[in-house]
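Everything on this sheet refers to the single structure shown next.
The values are calculated or read from the model by the stated rules, or taken from the named source; none is laboratory data. Bear in mind the structure is a predicted one, so any value in this text is a computation, not a measurement. Glycine also receives a Cβ, built like all others from the backbone with ideal geometry; neighbour counts cover every protein chain displayed.
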Amino acid sequence: MLFNSLPFLYLFLPIAYLVFWRLSGQTRRYVWLAITGYVFYSFWNYRFCALMLFSTVVSYAGGLGLLRWQDRLRRRLCLIVPVTADLALLGFFKYTNFALTSVNGLSSWLGFQTRFPVLDMVLPVGISFYTFHTVTYIVDAYRGVVTPTRSFPKFAAYVSLFPQLVAGPIVRFRQIAGDLGRIDRAEETRDLDLAWSFFAIGMIKKVLIADTIGTIINPALADYVSLGTMGAWLCVLGYAYQVYYDFGGYSDMAVGLGYMFGLRLPQNFNSPYKAANIADFWRRWHVSMSSFFRDYVYIPLGGSRGSRPKVWRNLIVTMLLAGLWHGASWPCVLWGGFIGLLLVGYLLVAPWWQRLPYVAQRAGTFFLFVVSLAIFRSQSLKMIGGLLQRMFSWHSGTSFVGIEVLVAAILVAGAFAHFGPNTFEMEHRWSPSYATGLAALFVMCLFMLYGSAARPFLYFQF
Amino acid sequence: MATSSTVNARGSLAKVIPVLLLVIFLVDVGLRLERVDRLTFRAWEALTTYRPPGAAFERNRRYYKARTYGDLAAMGNLPALRQYRPEAFTTDRLGFRNPPGAASGPVAAILVGDSFAVGCAVNDDENLTTRLSALVGCRLYNAAGIDPHPDRILALARKLDLRGNLVIHEYNEDFEMPPVPTERRRRHQRAMAWMDGWVGGPFGRARGILTVSPLEILSERALRNVENGRILPNQYSAAVVKGRLANGDPMLFRKSSVDGFYRKKAVPVAYWKWLQEELEAGGLQLVVVITPSKYRVYRPFVVEPRGLPEGASDYVDRAEAEVRAAGIPVINLTAPISASAAQHLQEGSYLYWRDDVHWNAQGIEVGAEAIREGLQDYLRCSPPNRPAFPGQ
């Protein structure tokens with residue numbers, strides 16, 4: 001079930017909301033939130049609910065062990081067992097076929113006849129996200145950053161919380177434990193204006209901007225060999241705004257839904273296209289993911305301590321893993337490596353870069369990210385080569401349908417992304433005329449949902 | 001930074017948006033109570049939306065539209081390629097495409113099958129049953145539009161004044177035959193048939209109201225005007241293949257039909273074998289009529305068709321051979337239709353609509369004539385007064 005779907009808006013959300021606020025007591029509300037999470041998840045594939053339950057139980061038990069035992073050995077066991085179990089599930093479902101096809105490709109290249117059969121399995125939606133929820137919980141508990149909870153319903157509600165279940169933000173337990181602890185004292189109407197404002201803005205970003213751009217660039221990129229230089233740049237530029245408004249829109253909707261249930265979810269996009277350098281960019285883009293890789297991969301690897309080659313290695317390894325997390329494919333790995341190299345490159349030229357005019361720093365950062373998206377959006381190594389070739393050498397190419405609308409959408413989307421406030425910076429104090437305008441755009445979204453099948457969020461595939 | 005304290009109620013979205021959702025929901029529900037006839041471009045959608053479970057269409061309905069057009073032009077959102085024509089479509093008290101009273105008079109045989117047998121895209125007086133009845137000189141009953149299931153056919157035969165024992169199953173090669181049902185599935189189907197007798201009408205109506213939203217249709221129509229291949233890419237056009245014939249005329253084909261033509265697929269002979277056994281046990285005899293897809297008929301005349309992999313296009317011949325080998329009489333219309341299509345093409349006319357999956361009145365006439373010849377050994381129009389089922 002998608003946030004931008006009619007069954008969610010007309011059936012799931014009203015029931016989840018009305019029942020939640022009619023329940024009193026912490027445990028009842030935790031149980032209800034967990035139930036709604038599992039129901040929400042089961043709309044994709046009910047069998048995978050067992051997987052999420054397993055992950056929840058193992059991590060909960062690990063947390064209880066960390067509460068009970070103080071000796072180093074048993075605490076380590078309480079860390080390693082759940083983290084290994086969670087990552088093993090993620091690894092099996094997400095990376096097995098990637099590994100098998102890569103080995104098959106390599107053996108074929110080397111002239112061997114060996115072929116491993118590829119497994120016929122589906123990637124459980126959101127597994128990358130809820131696995132990270134449980135991993136951060138257990139690692140933070142081990143580090144003593146959070147106190148593990150004794151309440152299973154509370155922990156189950158945290159893992160399966162439907163606003164952040166399938167595409168984040170990757171909320172850490174400590175970020176939400178306070179609100180979960182006060183869930184019985186939450187006021188129904190306190191944040192409702194904020195909630196609907198976030199939700200409506202997120203919906204408009206997703207349905208009116210991201211989906212419109214996607215409608216134009218998807219067929220054009222499917223036939224990328226026909227694109228000229230201008231067309232290739234427009235498509236990749238369009239994709240930069242599509243992915244930002246798609247995932248940013250999802251994150252806004254998630255935050256809005258959180259507010260509806262008295263929970264404050266963290267900001268996931270802090271105007272990334274206003275970043276002045278690539279390191280700054282990664283502090284603003286998909287904040288919950290980049291901070292996860294910073295805190296749980298980069299810093300444990302040594303972070304920025306040690307010699308310069310070690311720091312470079314840490315950056316590249318971290319971004320390679322981030323790339324792999326985004327997708328089990330070589331273009332994603334290559335994209336991670338490219339971002340890692342950009343970060344290393346920035347370390348080398350930082351003093352020079354910072355002397356550039358501020359506008360040039362921002363424009364340069366955006367340019368580099370757009371180029372990286374040509375790799376990220378490609379479905380094969382061949383497409384990466386073809387697309388980059390079209391972008392960086394002159395090709396006349398053919399025009400594609402919707403190019404005028406794409407240019408207009410890029411201008412509007414770009415104006416807001418580069419110069420406007422992000423949703424967290426907005427005051428959300430809408431005058432009647434602005435509220436009417438927002439409501440009218442929201443109604444337009446509803447008609448778009450009526451008129452076409454709801455389009456999944458891009459980050460669901462990760 | 002937005003916090004709850006900075007939000008005031010001047011333009012309270014917490015009220016406006018839920019109210020808007022509610023209003024649109026109520027509009028949706030309200031529109032569902034109205035029939036969708038006015039929003040449909042042809043009879044099929046209008047008459048299948050509220051059909052009772054055991055019937056092909058709504059009962060005792062007459063649909064008329066002066067300007068209908070083809071399903072492929074609609075699917076592919078290609079208004080420039082529409083061929084406008086009138087369509088009159090009448091159903092009887094049992095929910096099949098027959099003139100009123102057809103279910104009461106004597107009938108010589110039952111025709112079952114897919115939309116080709118129903119007569120999708122042609123008028124009442126042009127469909128296969130009507131034309132075949134006129135050619136053989138006795139009335140056939142059009143029971144097409146439901147899965148050819150023996151329980152349903154036998155139940156229908158008992159309701160009709162059937163004077164022969166013939167069941168003609170028209171099968172278009174693009175039609176996906178259902179698997180032989182399990183006993184559990186058969187029980188379910190019998191229960192549905194039983195239920196149909198009691199609450200079929202209201203059940204069909206309720207199902208239509210729940211599953212078809214006029215607001216969805218209107219919104220989609222508005223979006224199609226924008227996603228027209230000029231303002232925005234026409235995403236619907238992926239469902240159809242635009243071909244050009246040697247004479248320069250454009251012709252649309254269903255994408256799945258074109259792909260199916262090049263794919264080697266198995267003949268569902270087990271289903272026919274089972275159907276024949278079940279019908280024979282009920283005193284009926286099965287004859288299978290194979291109709292070719294539009295792509296099979298017109299592919300030889302399409303400019304630069306896809307290459308033909310070995311063994312990929314022999315499906316209808318294999319189907320004919322395997323059905324015959326199973327002891328079931330079979331009539332394959334591919335040869336007469338293809339030959340006639342080539343002849344008509346020289347005169348600038350067609351046996352299939354260029355904007356539709358289906359055959360037109362000329363194609364049906366050719367098919368009916370070929371079926372008449374093939375049925376000579378099986379169809380007896382006289383004596384017309386012997387009931388097929390004792391106790392009718």
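Couple of notes before you dig in:
- Filter result (charged (D, E, K, R) and part of a helix (DSSP H, G or I)) within region A:294-330: A:ARG294, A:ASP295, A:ARG308, A:LYS310, A:ARG313
- Among all residues of region A:14-30, there is at least one that is crowded, with 17+ Cβ neighbours inside 10 Å and farther than 26 Å from A:MET1 by Cα.
To keep it simple, each residue is scored yes or no on (1) in contact with a helix residue (DSSP H, G or I) (Cβ under 6 Å, 6 or more places away or on another chain); (2) closer than 30 Å to A:GLY451 by Cα; (3) modelled with pLDDT of 95 or more; (4) buried (at least 18 other Cβ atoms within 10 Å of the Cβ).
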position	(1), (2), (3), (4)
A:THR136	no, no, yes, yes
A:LYS154	yes, no, yes, yes
A:GLN164	yes, yes, no, yes
A:GLY168	yes, yes, no, yes
A:ASP184	yes, no, no, no
A:LEU192	yes, yes, no, yes
A:PHE198	yes, yes, yes, yes
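- Looking only at region B:192-217, and only at residues there that are facing chain A (nearest Cβ under 8 Å) and not in a loop (DSSP other than H, G, I, E, B), the one that is farthest from A:GLY214 (Cα to Cα): B:LEU215
- Set side by side, the residues A:VAL344, A:VAL371, A:VAL359 differ, and just one is under 24 Å from the mean Cα position of the chain (by Cα) and within 21 Å of A:HIS418 (Cα to Cα), which is A:VAL371.
- Among the conditions (1) more than 14 Å from chain A (Cβ to nearest Cβ); (2) in a helix (DSSP H, G or I); (3) among the hydroxyl-bearing types (Ser, Thr, Tyr), B:TYR171 misses just one, which is (2).
- Listing of helices (runs of 4 or more DSSP H) fully contained in region A:173-249 that carry 2 or more residues being over 30 Å from A:GLY144 (Cα atoms) and within 14 Å of another protein chain (Cβ to nearest Cβ): A:192-203, A:211-222
Matching residues to (1) of a type in the set (D, E, K, R); (2) surrounded by 15 or more Cβ atoms within 10 Å (Cβ to Cβ):
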site: B:ARG185; (1), (2): yes, no
site: B:MET192; (1), (2): no, yes
site: B:MET195; (1), (2): no, no
site: B:VAL199; (1), (2): no, no
site: B:PRO202; (1), (2): no, no
site: B:ALA206; (1), (2): no, no
site: B:VAL212; (1), (2): no, yes
site: B:GLU220; (1), (2): yes, yes
site: B:GLU227; (1), (2): yes, yes
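- Residue within region A:259-274 that is closer than 26 Å to A:LEU388 by Cβ, modelled with pLDDT of 95 or more and of a type in the set (S, T, N, Q) present: no
- Residue match in region B:34-48 (condition: within 14 Å of chain A (Cβ to nearest Cβ) and more than 17 Å from the chain's Cα centre (by Cα)): yes
- Any hit, region A:275-293, residues being touching a strand residue (DSSP E or B) at 6+ places or on another chain (Cβ under 6 Å), surrounded by fewer than 23 Cβ atoms within 10 Å (Cβ to Cβ) and in contact (Cβ under 8 Å) with a residue 60 or more places away in the chain: no
- No other residue among A:ARG28, A:ARG47 is within 20 Å of A:GLY262 (Cβ to Cβ), assigned to a helix (DSSP H, G or I), away from chain B (no Cβ under 14 Å) and charged (D, E, K, R) apart from A:ARG28.
- Looking at region A:352-462, the helices (runs of 4 or more DSSP H) lying wholly inside it that each contain 1 or more residues that are within 11 Å of chain B (Cβ to nearest Cβ) sit at A:403-419, A:432-451.
- Only listed residue being closer than 22 Å to B:ARG59 by Cβ, in contact with a Leu (Cβ under 8 Å, 6 or more places away or on another chain) and of a type outside the set (Val, Ile, Thr), chosen from B:ALA193, B:ALA157: B:ALA157
- Residue in region B:10-25 that is within 14 Å of chain A (Cβ to nearest Cβ) and touching a residue at least 12 places away in the same chain (Cβ under 8 Å) present: yes
- Each residue in region B:230-262 was checked for being in a helix (DSSP H, G or I), away from chain A (no Cβ under 14 Å) and either in contact with a Pro (Cβ under 8 Å, 6 or more places away or on another chain) or among the β-branched types (Val, Ile, Thr) (or both), and 2 pass.
- Filtering B:VAL323, B:VAL288 for residues that are part of a helix (DSSP H, G or I), in contact with a strand residue (DSSP E or B) (Cβ under 6 Å, 6 or more places away or on another chain) and not charged (D, E, K, R) leaves a single hit, B:VAL323.
- Qualifying positions in region B:107-139 - among the hydrophobic types (A, V, I, L, M, F, W, C), closer than 12 Å to B:PHE96 by Cα and in a strand (DSSP E or B): B:ILE110, B:LEU111, B:VAL112
- The listed residues are B:VAL366, B:VAL323, and the only one of them that is surrounded by 20 or more Cβ atoms within 10 Å (Cβ to Cβ), under 28 Å from B:GLU87 (Cβ atoms) and of a type in the set (A, V, I, L, M) turns out to be B:VAL366.
- All positions within region A:52-79 that are surrounded by fewer than 18 Cβ atoms within 10 Å (Cβ to Cβ) and under 19 Å from A:ILE127 (Cα atoms): A:LEU53, A:PHE54, A:VAL57
- Among the candidates A:PHE3, A:PHE43, A:PHE92, residue that is buried (at least 16 other Cβ atoms within 10 Å of the Cβ) and modelled with pLDDT under 95: A:PHE3
- Number of positions in region B:147-161 that are touching a strand residue (DSSP E or B) at 6+ places or on another chain (Cβ under 8 Å) and over 21 Å from B:ILE328 (Cα atoms): 3
- Residue in region A:74-83 that is among the basic types (Lys, Arg) and under 29 Å from A:TRP330 (Cα atoms) present: no
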